[in-house]
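Q: Below is a structure I'd like to ask you about.
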Amino acid sequence: AQSVTQLDSQVPVFEEAPVELRCNYSSSVSVYLFWYVQYPNQGLQLLLKYLSGSTLVKGINGFEAEFNKSQTSFHLRKPSVHISDTAEYFCAVSAGYSSASKIIFGSGTRLSIRP
Amino acid sequence: EAGVAQSPRYKIIEKRQSVAFWCNPISGHATLYWYQQILGQGPKLLIQFQNNGVVDDSQLPKDRFSAERLKGVDSTLKIQPAKLEDSAVYLCASSLGGGQGEQYFGPGTRLTVT
């Protein structure tokens, strides 16, 4: 079975500063990896996903993540954050290729941006 | 393209009462999911449908929770009777397929059990 660990429950940063949200996963098979964002009182929205190929994945809103198989990590980064990036971020993993495969979510990291 | 619709957005009930949530997925999406998101935690899958068949309900507390997806479109999640620990946001999501497919989430229903 697979699992996801988000190492930081909260990350405060100043506006225009860089940020990294950490995610580690565990799986005995190859995985698909995702980052979702949840704005207050809204559902989750996909930021980016890694399926195969290049280990550096670019997503929406200037975010990117790097898949590191040896360290079983998929950290999310943004070089310069904006107030509008304030939200909860969830890392997720799926270990299957069939329509029956499910996604396991981490516990989330709350990103708060200080002006 | 219309998104995933859910209703109601908020619900407050007393313990031992029953409650039902409704979800209308994106048109054409075969896979529908119900998640429970307790405050401070990530979403936990309760049940996954492929068209109108159940693919995974291993984490659904079947003694009190039930879900159906008639005709492979809309879905209803019911809790009967509710417990205090059922207080959470219930998220519905849909996708074209499982596994690598992007899931599109509705706004959720916030349930408070008193």
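Q: May I ask you to give the solvent-accessible area per residue for segment A:3-114, in square angstrom, as obtained with a 1.4 angstrom probe?
A: That works out to 46 Å² for each residue.
Q: Rounded to whole Å and ordered largest first, report the semi-axes of the equivalent ellipsoid of chain B derived from its Cα gyration tensor (root of 5λ).
A: Semi-axes, largest first: 23, 14, 13 Å.
Q: Could you work out how much longer the chain between A:Gln42 and A:Thr55 gets when fully extended? Use 0.36 nm per residue separation minus the Cα distance between them, nm to one decimal. It would help to have the intermediate numbers written out before the result.
A: Details: separation 13, 0.36 × 13 = 4.68 nm, distance 2.94 nm.
Taking A:Gln42 through A:Thr55 to full extension adds about 1.7 nm, to one decimal.
Q: Just how many pairs of Lys in chain B have C-alpha atoms closer than 20 Å, counting pairs that are eight or more places apart or on different chains?
A: Pairs that pass both the separation and distance tests number 11.
Q: Still on this structure: Name the residues of segment A:30-53 whose accessible area falls by at least 50 Å² when all protein chains are present instead of the chain alone, probe 1.4 Å?
A: Residues shielded by partner chains are A:Asn41, A:Leu44.
Q: Rounded if a/c is under 1.5, else prolate if a/b beats b/c, else oblate: with a ≥ b ≥ c from the C-alpha gyration tensor eigenvalues square-rooted, which is segment B:4-63?
A: Values: a/c = 1.67, a/b = 1.37, b/c = 1.22.
Prolate, because a/c is 1.5 or more and a/b exceeds b/c.
Q: Using alpha-carbon positions, what is the distance between the centroids of segment A:40-106 and segment B:1-57, in Å?
A: That distance is 22 Å.
Q: Interface size between chain A and chain B, please: total buried accessible area, 1.4 Å probe, rounded to the nearest 100 Å².
A: On the way: alone 6350 and 6320 Å², together 10870 Å².
Its buried surface, counting both partners, is about 1800 Å².
Q: Using +1 at the Cβ of each Lys and Arg and -1 at the Cβ of each Asp and Glu in segment B:51-114, identify which of B:Ile79, B:Val54, B:Gly108 lies farthest towards the dipole's positive end.
A: B:Ile79
Q: What is the projected area of the convex hull of the Cα atoms of the protein assembly as shown, averaged over all directions, in nm²?
A: 12.5
Q: Next up: Below 15 Å Cα-Cα, how many Lys pairs turn up in segment A:3-114? Only count pairs eight or more apart in sequence, or on different chains, if you could.
A: Values: A:Lys49/A:Lys58; A:Lys49/A:Lys69; A:Lys49/A:Lys102; A:Lys58/A:Lys78.
Going through segment A:3-114 pair by pair, I get 4.
Q: For segment A:48-115, what mean projected area does the convex hull of the alpha carbons give, in nm²? Working shown, then result.
A: Working: hull surface 22.3 nm².
With the hull built on Cα positions only, its mean projection is 5.6 nm².
Q: In sequence order, what are the phi-derived ³J(HN,Hα) couplings for segment A:36-48 according to the Karplus relation 6.51 cos²θ - 1.76 cosθ + 1.60 with θ = phi - 60°, rounded to whole Hz, with x for glycine and proline?
A: Rounded to whole hertz, the list is 10, 10, 10, 7, x, 6, 10, x, 7, 10, 6, 8, 6.
Q: Just the number, please: carbon plus sulfur as a percent of the accessible area of the protein assembly as shown, 1.4 Å probe, no ligands or DNA/RNA counted.
A: Its accessible area is 50 percent carbon and sulfur atoms.
Q: Using Stokes-Einstein with the Kirkwood hydrodynamic radius over Cα pairs, what translational diffusion coefficient do you get for segment A:3-114 at 25 °C and a viscosity of 0.890 mPa s, in µm²/s rounded to a whole number?
A: Numbers: Rh = 14.1 Å.
Stokes-Einstein gives a translational diffusion coefficient of 174 µm²/s.
The values are calculated or read from the model by the stated rules, or taken from the named source; none is laboratory data. Not measured: the values here are computed from a predicted model. Reconstructed Cβ throughout: ideal geometry from the backbone, glycine too, with neighbour counts over all protein chains shown. To get the accessible areas, we keep the full protein, side chains included, count just its heavy atoms, and leave off ligands, DNA and RNA. Shrake-Rupley method; radii C 1.70, N 1.55, O 1.52, S 1.80 Å.
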